[in-house]
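Heads up, the thing below is written out as structure tokens.
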Amino acid sequence: MEMNPEREQLKNKKRIVIKIGSSSLTHPETGELNLFKMEQLVRIICDLKGEGRDVVLVSSGAIAAGRQALHCKKRPERLSQKQAFAAVGQARLMMVYQKLFAEYNQVAAQVLLTKDTMVHDGSRYNAGNTFDELLLLGAVPVVNENDTVSTSEIPLVDNFGDNDRLSAIVAALIGADLLILLSDIDGLYSDDPRKNRNAEFIGLVREITPQLLSMGKAETGSDVGTGGMAAKLAAARIATDSGSDMVIANAGSLDVIHRIMAGEEAGTLFMAHRNVDFDLMHYLSAEY
């Protein structure tokens, strides 16, 4: 079978950011961490590193991990409660990642970001240097927003807004050439396929148009995640303008990462179209 040339060039990507959402890391029945999927994700990332690629993981799940640790079955409603769960859960989440990466002789490094980190020239420069040094040392940066002091991911009111946009900002910061957003949907549709059975799947996006942006939905179907399709399209604008291809794919089977890297038709591919006037600081100032 002849391979799509746009897809085939994904084989050559060397610096990859992978984002995975809370709903993809937890059991839907209980909201507790799905250790099997986390182990599978870590194994795939280590394999990508074995191929000579740099990989950064943007991982949700801190609040869910905190709920699990504190035996809270009900989703928290107060902001202070959510931040407290994040404080407990972020440490627990990193403990799990550290153990899993160590099994494959790899080192995970925690990187917590806030909007303030990115909007100030000095701290943004230092953050970029830290990522570069970690990748040079062979570590796998595991990134999340610092929910304990930030209100962006809980709820969607300020700062980055969600880990979809955060992952695109990280991709722009480190000069990644591919961003993979793993979620609970196969990719971009003309409408919400869970509500409209006639919704058409869109496998390739060469340009993000106003019509395309209107297809985004602000809501999410999960009780543990925050980012809907609108957030993913916002992430696509940042990533593609900065020169990174982006793929939205379903995390139901994490083998989809291998399929993407092999150039197969998996998920929705947004083609990079580097904007010569792109400036991350200008984007942050305009959006937030």
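Within segment 244-288, the only residue that satisfies the criterion of being modelled with pLDDT of 80 or more and of a type in the set (Lys, Arg) is Arg259.
Taken over segment 234-243, the residue count meeting the criterion of being in a helix (DSSP H, G or I) and more than 12 Å from the chain's Cα centre (by Cα) is 6. Among the candidates Glu153, Glu145, the residue that is within 24 Å of Ile63 (Cα to Cα), at pLDDT below 85, touching a strand residue (DSSP E or B) at 6+ places or on another chain (Cβ under 6 Å) and open to solvent by less than 10 Å² (accessible area, probe 1.4 Å) is uniquely Glu145. Scanning segment 26-45 for residues that are modelled with pLDDT of 95 or more and touching a strand residue (DSSP E or B) at 6+ places or on another chain (Cβ under 8 Å) returns Leu41, Ile45.
Can you pull out the residues in segment 110-141 that are part of a helix (DSSP H, G or I) and among the aliphatic types (A, V, I, L, M)? Of everything in segment 110-141, those that are part of a helix (DSSP H, G or I) and among the aliphatic types (A, V, I, L, M) turn out to be Met118, Val119, Ala127, Leu134, Leu135, Leu136.
Against the list (1) surrounded by 15 or more Cβ atoms within 10 Å (Cβ to Cβ); (2) modelled with pLDDT of 90 or more; (3) closer than 19 Å to Val247 by Cα, the condition Gly175 fails is (1). Taking (1) without any contact (Cβ under 8 Å) to a residue 24 or more places away in the chain; (2) open to solvent by 50 Å² or more (accessible area, probe 1.4 Å); (3) over 14 Å from Arg237 (Cα atoms) in turn, Pro210 satisfies each apart from (3).
When Ala231 is tested against (1) at pLDDT 85 or above; (2) open to solvent by less than 10 Å² (accessible area, probe 1.4 Å); (3) not in a strand (DSSP E or B), just one condition goes unmet, and that condition is (1). Of the set (1) hydrophobic (A, V, I, L, M, F, W, C); (2) open to solvent by 10 Å² or more (accessible area, probe 1.4 Å); (3) assigned to a strand (DSSP E or B), all apply to Cys46 but (3). Condition (residue is surrounded by fewer than 19 Cβ atoms within 10 Å (Cβ to Cβ), modelled with pLDDT of 80 or more and of a type in the set (Val, Ile, Thr)) applied to segment 195-204: is it met by at least one residue? Checked segment 195-204: at least one residue is surrounded by fewer than 19 Cβ atoms within 10 Å (Cβ to Cβ), modelled with pLDDT of 80 or more and of a type in the set (Val, Ile, Thr). Counting the residues of segment 50-95 that are surrounded by fewer than 19 Cβ atoms within 10 Å (Cβ to Cβ), out of contact with any helix residue (DSSP H, G or I) (no Cβ under 6 Å at 6 or more places or on another chain) and either among the small types (Gly, Ala, Ser) or assigned to a helix (DSSP H, G or I) (or both) gives 9.
The values are calculated or read from the model by the stated rules, or taken from the named source; none is laboratory data. These numbers come from a predicted model, not from an experiment. Counting neighbours? That spans all protein chains shown, and the Cβs are built from the backbone with ideal geometry, glycine included. Just so you know, the surface numbers come from the protein's heavy atoms only, side chains and all, with ligands and any DNA or RNA stripped out. Shrake-Rupley method; radii C 1.70, N 1.55, O 1.52, S 1.80 Å.
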